Structure formats: structure tokens, C-alpha cells
Amino acid sequence: HPLTSKVAVVAPSASADADVDYLFLQVGTDEPLVSDRQNCGNLLAGVAPFAIERGLVDAAADGLVTVRIKMLNTGSIATARLETQAGLPIYEGVTTISGVPGAAAAIALDFEDIAGSSTGALLPTGNRVDDIHGVASTLVDNGMPVVVMAASALGVSGYETCAELEQNAALRTKLEAIRLEAGVRMGLGDVSQTTIPKLTIVSPPQSGGHLNTRTFIPHRCHDAIGVLGAVSVSTAALLPGSPAYALVDQLSNDVATDSLVRLEHPT
């Protein structure tokens with residue numbers, strides 16, 4: 001599955017502004033391709049503890065350790081903060097994330113200057129909404145290039161299971177046509193052989209969040225939602241006029257006042 005076919009290559013950083021360098025590689029599951037055209041926020045969470053365990057950074061003291069990570073795929077910097085004991089990461093804890101089994105110690109990630117990391121601009125086309133094959137779409141890149149569309153515009157509810165969506169041949173054909181056109185408009189060129197841009201269809205929330213999501217990477221439906229993809233979708237939800245914003249606008253004031261966006265996903 002694309003979610004579990006990922007590689008992180010980590011080394012001491014060649015840059016003065018980082019501790020380690022991190023190269024993400026997406027390994028194809030249905031064809032022999034390896035792509036370095038995107039970041040991965042999920043594997044990023046494992047980079048700092050890996051670097052500490054392998055002695056790539058000095059974490060001799062107990063307590064909070066900060067590791068600055070250069071994401072080589074886009075040149076951006078992420079800062080990871082985690083607790084250590086006797087120079088090793090502490091893994092046991094009570095932090096939980098929907099879609100991730102069990103509980104563990106928290107790893108906080110702060111991102112710097114990730115807007116336009118793959119395309120050069122937060123909104124690569126300069127528009128909050130673009131019409132692509134008759135579907136209103138927000139093309140956004142805040143760490144991950146994503147096309148955000150309302151499920152209703154695609155003839156689905158957005159609450160279907162991943163299996164149901166993947167079995168919808170007409171939907172998948174429509175989504176791929178949108179993805180290929182969006183790739184050109186976002187300055188990514190021919191994306192037929194790449195996993196970006198990601199596609200996220202959104203609908204009103206059902207489980208206490210602000211927005212319900214279903215994400216494709218690029219053809220398989222994601223069992224949850226990726227870290228950087230979630231950042232881009234949340235950004236779209238804060239842009240007045242976007243398909244996502246229209247679905248969260250009536251919910252509560254906390255989105256507007258705190259910029260807090262809770263995304264629902266299949267798991």
C-alpha cells in the first residue's frame with residue numbers, strides 16, 4: 001500500500017541551519033517507480049528519534065531535545081521536539097492520533113517556510129478557486145500540493161469508505177483528469193507518473209470536527225490523511241471562497257479566532 005511503501009534517508013546535515021538532512025522517497029507499489037518529488041510529514045516524525053538512536057545528533061542529556069531537520073525534497077526546515085532519557089528517545093506516553101494505533105510519547109513538529117515548497121507559491125495559480133473540468137477546486141501548496149474539492153461536486157457524499165470510493169470507476173477517472181490538469185496549472189508539469197498533487201474531497205463534518213475528508217495518493221484512498229496534506233487542506237479551509245471554507249464557515253467561531261481546524265478522515 002502507498003501508505004507503507006516509504007523510505008527516509010537520514011544523514012548529518014550539510015547545512016549550518018539544520019542538524020540532520022532528510023530525503024523522502026515514495027516507492028511505487030503497482031509499478032517500479034521511486035519518486036523524490038514530495039515531502040512526507042508522517043515519516044518526518046520518525047527522523048529525530050532515528051537520528052538520536054544512530055548517534056547523528058548529540059542527545060546525551062535527559063529532558064527535551066530539539067532536532068532541526070532539513071527536508072531535502074523541498075529545502076524546507078522542520079524542528080522536532082521530543083523527550084529523552086539517558087540519551088535515548090522516550091517512546092512510552094499517552095499521546096494519541098486518530099488513525100494511528102495505540103498511544104506514545106509526543107513528537108512536536110514545527111514547520112518553517114513551507115508555503116509553496118513544491119510549486120513556489122501557496123496558491124500556485126494565484127486563485128483561491130479554479131474551475132477544472134467543471135469542478136470548483138482550490139489548488140494549494142502549504143507543504144504538500146493538494147487539490148481540494150467538495151464531494152458534492154463530484155457526485156459523492158464524501159462519507160464513503162475508501163474501498164467504495166476506489167471501486168467507483170467514474171469517480172476515479174474524473175479525479176485523475178482533474179489531477180493531471182491541476183499538475184500543469186500548479187507548475188508541476190506532467191504528473192502522470194508522480195504521486196503529487198494529492199486530491200482531497202471534503203464534506204460537512206459528522207464526528208465533531210470542522211471538515212470531513214477523503215484523500216487520494218494519487219489513486220488509492222488514504223486511510224487517514226497525511227501530516228503535510230492536512231496542513232494544506234486546513235489552509236484551504238481558512239480561505240474565504242474555497243470549497244472547504246464554505247463547509248466550515250457556519251460551524252463555530254473557533255476556526256476564525258484560533259485558526260484551529262479539526263479534520264475528520266476514514267479512521
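Residue count for region 219-248 satisfying the condition of being within 19 Å of GLU160 (Cα to Cα), open to solvent by less than 20 Å² (accessible area, probe 1.4 Å) and in contact with a Lys or Arg (Cβ under 7 Å, 6 or more places away or on another chain): 1. Among the residues of region 97-120, those identified as in a strand (DSSP E or B) and in contact with an Asp or Glu (Cβ under 9 Å, 6 or more places away or on another chain) are ALA104, ALA115. In the set (1) at pLDDT 95 or above; (2) open to solvent by 40 Å² or more (accessible area, probe 1.4 Å), ALA48 fails one condition alone, (2).
Only a single criterion out of (1) at pLDDT 85 or above; (2) among the polar types (S, T, N, Q); (3) touching a Ser or Thr at 6+ places or on another chain (Cβ under 9 Å) is not satisfied by SER259, namely (1).
Scanning region 51-85 for residues being under 14 Å from SER13 (Cβ atoms), open to solvent by 70 Å² or more (accessible area, probe 1.4 Å) and either in a helix (DSSP H, G or I) or modelled with pLDDT under 90 (or both) gives a total of 1.
Here THR4 meets the list (1) under 16 Å from the mean Cα position of the chain (by Cα); (2) closer than 24 Å to ASN142 by Cβ; (3) not aliphatic (A, V, I, L, M) almost entirely, failing just condition (2).
On the stretch given as region 198-216, residues that are in a loop (DSSP other than H, G, I, E, B) and either of a type in the set (Phe, Trp, Tyr) or touching a Leu at 6+ places or on another chain (Cβ under 7 Å) (or both) total 4. If you go through region 145-160 and pick out every residue that is open to solvent by 10 Å² or more (accessible area, probe 1.4 Å) and touching a residue at least 60 places away in the same chain (Cβ under 8 Å), you end up with 2. Across region 16-45, the number of residues qualifying as surrounded by 15 or more Cβ atoms within 10 Å (Cβ to Cβ) and either part of a helix (DSSP H, G or I) or hydroxyl-bearing (Ser, Thr, Tyr) (or both) comes to 7.
Of all residues in region 160-190, those satisfying the criterion of being outside any helix (DSSP H, G or I) and not β-branched (Val, Ile, Thr) are GLU160, GLN167, ASN168, MET186, GLY187, LEU188, GLY189, ASP190.
The values are calculated or read from the model by the stated rules, or taken from the named source; none is laboratory data. Remember, predicted model here, so these are calculated numbers, not experimental data. FYI the Cβ positions are ideal-geometry reconstructions off the backbone, even for glycines, and counts take in every protein chain you see. Each accessible area value is taken on the protein alone, full model and side chains, heavy atoms only, with ligands, DNA and RNA left out. Shrake-Rupley method; radii C 1.70, N 1.55, O 1.52, S 1.80 Å.
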